[in-house]
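**Q** There's a structure below that I have some questions on.
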Ligand code: NA
Ligand code: NA
């Protein structure tokens, strides 16, 4: 199989690397995943490539093209309340298994295999650290999808630059702050320019699943399919352990780069949540208008979160 | 404007050639105007960001979608004018029928790949288009969710016009082979590289003598 | 859809074929098609599509393989053309056309003549500095040579300069336009190898200046050895010199805007280019530019733009095929595994560029070769993650990517002044003959030959002191 990823090998791609290793091992080298970083497709067109049958496995982010995959954008809504990577895995899996989601992705001949869980997209920024919601007014923030909408609701200006342009944009003052997961603040070097990092704003995250081509999946021999299915959990465990190590180092990285940790007052965050509330409502209405079970998907996320917390 | 290097006469082929050329020129000018408009948009975006603190919403998305106009609209015009780069060191040395046979074959190859790309780019458009969705959009830009299908539709449209242009040129070359013409109509004539380079620099060099007063 | 083989059993036919061998054969086919005069963009797209067909037919059979290849190839034109950074290209082309109407060239030449004309070969040195200055608003080498052929050559001939020497200086001076930002070719390089456009543009600035200085040194040296080549021009008072300066301020303003905004991040490179174009446009309008002239400039800009974009996506269809066949990986591994010093291998790569450059157009040569040579040079240096200390060429992988861009663009510019196909030389001869000056193409090629040596020296300097390239972008 050919696998289309992008960028370089990083924490964000470790589960696919591990999956390739496990599958090869289990099938004695008969079934291999050839991972290509950007050689087979542009990242925003990985789903097109799957639909064409150009490659058999790919990774993409829901926010790159919300119209292609409306159902999974529920996972990118602001303030869902996801706190850990394990919770992110649980809610992603629940949404991926919903029949409406499956049908949505089947339009692209794609089957959702596993999530690439990322922590909350907190901000790094330059200048005076924000303390109250009013401090965000007029701040130019690089943020996409639901997170961008949330910042807009409190008077910030979400600005469109791609991840690779974020560094230049921040350095040049095109943006004052950038919303990324920790690994991306490192990979795209925004942390080098930062004066501060919001440790607990937790506005939401971005959902980037790994998918496979349905025809190719169904054409697999029973042994190969078992090898693939049976390796997913182990690959995800490896990913989580690896990301966990990165998060452990995070504090020392902040200290080394002389970046101030900003703790926003709980009351302020509650106000933020309240202002951003209508965004979730609007999402549900939009989905319902398109004939998709928006409310059901949203409730599914909330219930899964409750269950995940109880089992902990 | 540069002098076209295509001969004309009263034949049906030449009349079709010139009619299509008028359409091609209009589309190429439209592409030029979009380039101009995007320059203005970029200037406005900088000023609005610096002076008003309010950049144009979705500036990058708008720019990317409008790029499709100048990336494709002029493609047939460029072919008519012989503007797509090639190495004619060999063709320029041939004479008589030999030239037209070479030109016919390479144009035929171009027609083959253009046909394949019309199909492929049409599918690409189709994947982003759906009658049942809002704005007919099944795929949209990352920031302000502009539908992608209009700019994707430009590709098969422009390539179809190129297909027509290539078919006309095949006709022209075919006639030149059959009649052993030295200077056929409706096809760009092969020029020595020196003249070609001059054409490239024509706009700046052939401007009225204001440089001297300058 | 079930796999059907209606015409031929392609799966069986292609069963034993190694994708790598096939990629080599198809690369050979591409070279042949380009040599016999097929339009480069379409030759590359054609061979790339053929390769994709064979690749997918081998796996999916004839019918499905054909459809997959068509859908895949048909995705690339739109996908690659709507990339924000590429929107710089038409802006840079437009600036060049407008700069002429704004009358900037004559002011620059006049100022350079009054300030530097007194050295041996003074007018020729002035021409080099004026072309370097004009390079800061022009993204295209051929246009720069054309403009200065009309302004500088008559004046040099009047002062008794050797005609070959005068023509060669103008042909060579024009090549500076592609190194000094704005430069369309540097943007194309950045897109193909996925590097920061801003960094590459900044990186070109000092090497462009160094190149101009080496040209100037060569000219004074030659003129001192053989005073008949070109006498100095003296007799300008200080007041006359000062009087020549105000006319050059617009250019300095535009240079300042482009460099300053990229460097201090006031705007993205695209926005900076647009600001420059806008200022030049206002000046051109003030100089009396008319609608039909603006229309002509827009038509030409659009034509050149669509040519470049077609070339980019056409070649990228071929590159996408190579990606599936993994040819660049193999080639890079082979280069990195060679048992000889890295600099020797680099030398061979550069020699190949000199040979190619004799026959090919600069942009075409760059787009066709980079997909293979770029990963090879990165591998040669020690891989995509190597640090400066561990590398073979003494720079980190990211630095190497920027540095190689400047080297390879300099090599591509060389091809504009080497026979038998050297566009700058053709243009200079054409403009000269148009103005009834007795200069043949052979004269220009011979006059430009010393500058070939100067360019070799420049490249050697940039290889020995990569800091010249990397210092400015390193500050970003
Ligand atoms: Na330039
Ligand atoms: Na040459």
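Quick note: the coordinates plus some simple rules give every number you see, no bench work behind them. These figures come from a predicted structure and were not determined experimentally. FYI the Cβ positions are ideal-geometry reconstructions off the backbone, even for glycines, and counts take in every protein chain you see.
**Q** Over the Cα atoms of segment C:85-308, compute the convex hull volume and normalise it per residue, giving Å³.
**A** 120
**Q** Also: Roughly speaking, what is the stretch gain from residue B:23 to residue B:136, that is 0.36 nm per residue apart minus the C-alpha to C-alpha distance, in nm to one decimal?
**A** Roughly 37.9 nm would be gained on extension.
**Q** Another question, then. Quick one: plug the Kirkwood hydrodynamic radius of segment B:12-189 (C-alpha pairs) into Stokes-Einstein at 25 °C, 0.890 mPa s, and report D in µm²/s.
**A** Estimated diffusion coefficient is 131 µm²/s.
**Q** If you take the beta carbon distance between residue A:8 and residue A:251 as r and set R0 to 25 Å, what does 1/(1 + (r/R0)^6) give as a FRET efficiency, to the nearest 0.05?
**A** E(calc), rounded to 0.05, equals 0.55.
**Q** Still on this structure, I have one more. So how far apart, in nm, are the two label points at residue B:44 and residue B:7 if each is 7 Å from Cα heading toward Cβ?
**A** A separation of 4.8 nm, rounded to one decimal place.
**Q** Bin all alpha-carbon pair distances of segment C:1-91 at 5 Å intervals from 0 and give each bin's fraction as a whole percent.
**A** 2, 13, 18, 18, 18, 15, 9, 4, 3, 1, 0
**Q** Need one value for C:144-151: mean number of C-beta atoms belonging to other chains within 10 Å of its residues' C-beta atoms.
**A** 4
**Q** Express the C-alpha Rg of the protein assembly as shown as a ratio against the empirical globular expectation 2.2 N^0.38 Å, rounded to two decimals.
**A** 0.97
**Q** So, in Å, what gap is there between the alpha-carbon centers of segment C:341-395 and segment C:396-475?
**A** Rounded to whole Å, the Cα centres lie 17 Å apart.
**Q** Can you list the equivalent-ellipsoid semi-axes of segment A:1-84, largest first and in whole Å, using the square root of 5 times each Cα gyration tensor eigenvalue?
**A** The equivalent ellipsoid of segment A:1-84 has semi-axes of 26, 17, 11 Å.
**Q** Can I ask one more? Relative to the compact globular guide of 2.2 N^0.38 Å, what is the alpha carbon radius of gyration of segment C:318-476, as a ratio?
**A** 1.19
**Q** Of A:109, A:46, A:34, which is the most mobile in a GNM of chain A whose springs link Cα atoms less than 10 angstrom apart?
**A** Largest GNM mean-square fluctuation: A:34.
**Q** Moving on. I'm checking a number: the convex hull volume of the Cα atoms of segment C:75-128, normalised per residue, in Å³. What is it? Walk me through the numbers on the way to the answer.
**A** On the way: hull volume 5.7 nm³, N = 54.
About 105 Å³ per residue, rounded to a whole number.
**Q** Please determine, in degrees from 0 to 90 and to the nearest 10, the orientation of helix A:294-311 with respect to the longest principal axis defined by the Cα atoms of chain A, where the helix direction is its Cα long axis.
**A** 90
**Q** In nm, give the distance between the simple-model label positions of residue A:21 and residue C:326, each being 7 Å from the Cα along the Cα-to-Cβ direction.
**A** Output for this residue pair reads 1.9 nm.
**Q** Relative to the longest principal axis of the C-alpha atoms of chain C, give the angle of the C-alpha long axis of helix C:423-434, reported between 0 and 90° and rounded to the nearest 10°.
**A** 40
**Q** Next up: Taking a spot 7 Å from the Cα of residue B:183 along the direction of its beta carbon, which residues of segment B:8-38 have an amide N less than 15 Å from it?
**A** Taking a point 7 Å out along Cα→Cβ of residue B:183, the residues of segment B:8-38 whose backbone N falls under 15 Å are B:8-10.
**Q** Taking neighbour counts of Cβ atoms within 10 Å as a proxy for exposure, in what order, fewest first, do C:141, B:95 appear?
**A** Working: C:141 31, B:95 9.
Fewest-to-most ranking of C:141, B:95: B:95, C:141.
**Q** At a Förster radius of 22 Å, what calculated FRET efficiency corresponds to the Cβ-Cβ distance of residue C:351 and residue C:32, to the nearest 0.05?
**A** According to the calculation, E is roughly 0.50.
**Q** Show me C:68-76, A:208-216, C:218-226 ranked by packing, highest mean number of other Cβ atoms within 10 Å first.
**A** My ranking of the peptides, most packed first, is C:68-76, A:208-216, C:218-226.
**Q** Quick one: order C:373, C:301 by neighbouring beta-carbon count within 10 Å, fewest to most. Walk me through the numbers before you get to the answer.
**A** Numbers: C:373 23, C:301 28.
Lowest to highest Cβ neighbour count: C:373, C:301.
**Q** Per-residue counts of other Cβ atoms within 10 Å, averaged by peptide: what ranking do you get for A:191-201, C:229-239, highest first?
**A** A:191-201, C:229-239
**Q** If you don't mind, another one. Any chance you could give the angle, 0 to 90 degrees and rounded to 10, that helix C:342-359 forms with the longest Cα principal axis of chain C?
**A** 80
**Q** If you rank A:108, C:266 by fewest surrounding Cβ atoms within 10 Å, what's the result?
**A** C:266, A:108
**Q** Right, something else. Hey, how much of the P(r) for chain C falls beyond 39 Å, as a percent of Cα pairs? It would help to have the intermediate numbers written out before the result.
**A** Working: 29001 of 113050 pairs.
Looking at chain C, the distances longer than 39 Å represent 26 percent of pairs.
**Q** Right, next: Could you work out, residue by residue across C:25-37, how many beta carbons of other chains sit within 10 Å of that residue's beta carbon, and then give the average as an integer?
**A** 3
**Q** On average, how many beta carbons from a partner chain sit within 10 Å of the beta carbon of a residue in A:44-57? Spell out each step's value before the answer.
**A** Values: counts 5, 7, 0, 2, 9, 4, 0, 3, 13, 10, 10, 2, 0, 0.
Rounded to a whole number, the mean comes out at 5.
**Q** How far apart, in nm, are the 7 Å Cα→Cβ label points at residue A:193 and residue C:217?
**A** Label-label distance for residue A:193 and residue C:217, simple model: 3.7 nm.
**Q** Still on this model: With chain A treated as a Gaussian network of Cα nodes joined by springs under 10 Å, which of A:13, A:159, A:27 yields the largest mean-square fluctuation?
**A** In this elastic network of chain A, the residue with the biggest mean-square fluctuation among A:13, A:159, A:27 is A:27.
**Q** Restricting to the protein assembly as shown, compute how many DSSP beta bridges are antiparallel as a %, nearest 5.
**A** 55
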